[in-house]
């Protein structure tokens with residue numbers, strides 16, 4: 001007989017009743033997605049790990065106030081996005097992604113791996129340059145624009161979910177995506193025109 005996964009709501013209720021092990025289960029469940037979200041916003045594994053500790057700590061301290069008006073997933077993403085944006089504002093300096101970072105999104109993409117497996121030095125140089133330009137372009141976006149691009153384009157979240165996480169209208173989500181995509185396109189145009 002297959003073991004069924006305990007619903008989030010049940011784990012939240014048990015955590016609110018003081019069962020720390022239930023919160024551990026929630027951490028295991030949400031860590032991969034939250035790691036991806038925060039990493040794509042900070043471009044740093046070290047900062048992401050530190051932030052996740054703070055995010056889960058804040059969630060644990062605040063969970064008694066969680067009333068279930070949104071899904072727990074949405075609530076956690078709201079905490080993560082807000083804390084990451086605040087961190088980025090405080091950081092006040094820009095970091096670039098390392099091209100050696102094996103878990104940068106495009107480097108784990110199977111089509112990308114297959115396309116680059118052909119030994120063509122000029123093609124590899126162009127792909128490396130494109131990755132570098134993409135990373136630099138993402139870092140030029142405002143924190144708000146980077147958040148929507150990360151959630152929509154990288155994590156595949158629908159507009160409605162992003163709207164709940166950021167507590168903005170779906171129209172604002174679409175508008176931010178439009179302008180962010182246009183900015184990225186402008187930043188990358190020089191590379192495309194080569």
Wholly within the stretch 1-72, which helices (runs of 4 or more DSSP H) include no fewer than the required count, namely at least 2 residues that are in contact with a strand residue (DSSP E or B) (Cβ under 6 Å, 6 or more places away or on another chain) and outside the structural domain of residue 165 (by TED's automatic domain parsing)?
none
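To keep it simple, each residue is scored yes or no on (1) surrounded by 13 or more Cβ atoms within 10 Å (Cβ to Cβ); (2) modelled with pLDDT under 90.
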position	(1), (2)
2	no, yes
5	no, yes
9	no, no
13	yes, no
18	no, no
21	no, no
29	yes, no
34	yes, no
40	yes, yes
Being surrounded by 16 or more Cβ atoms within 10 Å (Cβ to Cβ) and touching a residue at least 60 places away in the same chain (Cβ under 8 Å) is the filter here, so list the residues in the stretch 158-194 that pass it.
161, 164, 165, 166
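The values are calculated or read from the model by the stated rules, or taken from the named source; none is laboratory data. Just so it is clear, the structure is predicted and the values come from calculations on it, not from any experiment. Because the Cβ atoms are built from the backbone with ideal geometry, glycine has one as well, and the counts that use them run over all protein chains shown.
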